[in-house]
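For reference, the structure discussed in these notes is given below.
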Amino acid sequence: APPRGRRAGPCAHPARGAGAGSGSAGGAGRRRSGSAAGDMERLVERLEKAVERLETVCQGSGRCGDGSSAEVAQYVQAFDALLAGPVAEYMKISKEIGGEVQMHAEMVHAGLMSERALLVMASQHQQPAENAFATLLKPISDQIQVVQNLREKNRGSKVFNHLSAVSESIPALGWVAMAPKPGPYVKEMTDAAMFYTNRILKEYKDVDKKHVDWVKAYLNIWTDLQAYIKEYHTTGLSWSKTGPVATEGAKSASGGPAGVAPPPPGPPPPPAPAPSSSSTDDSASRSALFAQINRGEGITSGLRHVSDDMKTHKNPALKNQGGPVRSGPKPFTAPKPACAAGNPSSVTSPKAPPLLELEGKKWRVENQENAANLVISDTELKQVAYVFKCTNSTLQIKGKINSITLDNCKKLGLVFDDVVGIVEIINSRDVKVQVMGKVPTISINKTDGCHVYLSKNSLDCEIVSAKSSEMNVLIPTEGGDFTEFPVPEQFKTVWNGQKLVTTVTEIAG
């Protein structure tokens, strides 16, 4: 596509001027020779065209040029600030590095622009049906696939760690389809990139600071995105309460390439249900209640004075007179266990079935009881393990995994090889955890009775504890045994005239 002048503003690509960046990447590809270079060049040209179409749509929607920012929803403006901040920095450094890193950044930017188009639609339309929403998400999912394909086609690249970090975390763009916790989903995807970003930092720390800055800029995108989601889309993508229901036709009309007629819209949405009288009555009742409260001291003006002859404690005879029968609710009484022996199922809730399965990237181990030989062996670095409500059982996790969480477990033994993220132990009791390889952090929260057995390679592990008791860390000795050290539970806090100073008490162990 011939280069064209672009207007300045958040929609103009922050890391490219009139297509020059991609042209240089294409030239580098041609110098490599071979069919791979031709494929790379064609891919860059297609990406250029896609970005140009997205920017054309952006200009037409009033975001760029002379359009008034008042017409753009607040959360769309906040997303534009993210594009102009960490995304622009990431694009700038990626262009300086060049090659596949720059091409990958172009693809990431295209995915973010597709996401912005969806946010604009959500700010102007009501939430569509599930099948229609899946169609609206397709441009984002397609772009995620494009990003991941570039990594797969360049496994021999010198910047393979860069490509892998982006490919492992780019599914975070799918947060718009996650409910009710889109923020934690983005964090999970970001954690999947940490293995490769740590490799980059180790490789380039003392060699080329530009790559270190690239890591920081890229991770800042997802960190800022989590803060953005927490503020504007805490439980899921926020849709407008007014306007038409979003359809594929509406998307094409506002987000399709310029000059192309949109496809016919889908069937009209079902009519909105008429407001029920009960909801109207409730609203009126609440309004009346608040009006009464706001009267202040005048609220007692309508109360009737009770004279002495009407008070039962001064006129005992009134207690014996027949009066209106109280019709309020009866006090709570525990049900009689008369039929409990004959029908125990009526008083005990059914137990959830035991579970040990891989769901996407998460190993789920749930409701296991008296299971002595649970093993997870086919692990990958991007996977996490979630262990929930397991009792009197042992679990071994082989290989390297991203993170492990123990939640609501009792008398559980956990043995694992390597964790690149964190091991979390929450709401549990009498848990024993043994590290065979390395783990950077172990978190213990609301847990009573926890023994952590460290290996020689994990002695630099950080152990963070809160609201827990009976914690012990066991350190290996030269003879193969372990020496036990208690984790302090009692602290002393004093004011030194400027701040609070907290120290461990002498009897803390």
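Remark: the stretch 342-450 carries a charge dipole of roughly 120 debye about the Cα centre, counting +1 on each Lys and Arg Cβ and -1 on each Asp and Glu Cβ. Counting only protein chain heavy atoms and rolling a 1.4 Å probe, the accessible areas of LEU82, LEU355 rank, largest first, as LEU355, LEU82. Per-residue extension of 0.36 nm, minus the Cα-Cα distance of SER141 and ARG429, leaves a gain of 99.5 nm for this segment. Projected label points at VAL504 and ARG364, each 7 Å from Cα along the beta carbon direction, are separated by 4.0 nanometres. Considering only protein heavy atoms and a 1.4 Å probe, what is the carbon-and-sulfur percentage of the accessible area of the stretch 355-504? The value for the stretch 355-504 is 47 percent carbon and sulfur by accessible area.
Per residue, the accessible area of the stretch 355-504 comes to 53 Å², computed with a 1.4 Å probe over protein heavy atoms only. Taking the protein heavy atoms of the stretch 137-231 in the context of the full set of protein chains, the accessible area attributed to carbon and sulfur is 53 percent at 1.4 Å. Please work out the C-alpha center-to-center distance from the stretch 197-233 to the stretch 445-509 and express it in whole Å. That distance is 32 Å. Work from the charge dipole of the stretch 74-233 (Cβ charges, +1 for Lys and Arg, -1 for Asp and Glu, about the Cα centre) and give the residue of TRP175, GLN124, TYR232 farthest towards its positive end. The listed residue farthest towards the positive side: TRP175.
Taking every protein chain into account, the accessible area of the stretch 74-233 amounts to 42 square angstrom per residue (probe 1.4 Å).
Per-residue SASA remark: SER377, around 80 Å² accessible (1.4 Å probe; ligands, DNA and RNA not included). Look at the alpha carbon pairs under 8 Å that are at least 6 residues apart: their mean separation over the length of the stretch 74-233 gives a relative contact order of 28 percent.
The values are calculated or read from the model by the stated rules, or taken from the named source; none is laboratory data. These figures come from a predicted structure and were not determined experimentally. With ideal geometry, Cβ positions are generated from the backbone for all residues, glycine too; neighbour counts draw on all protein chains shown. To get the accessible areas, we keep the full protein, side chains included, count just its heavy atoms, and leave off ligands, DNA and RNA. Shrake-Rupley method; radii C 1.70, N 1.55, O 1.52, S 1.80 Å.
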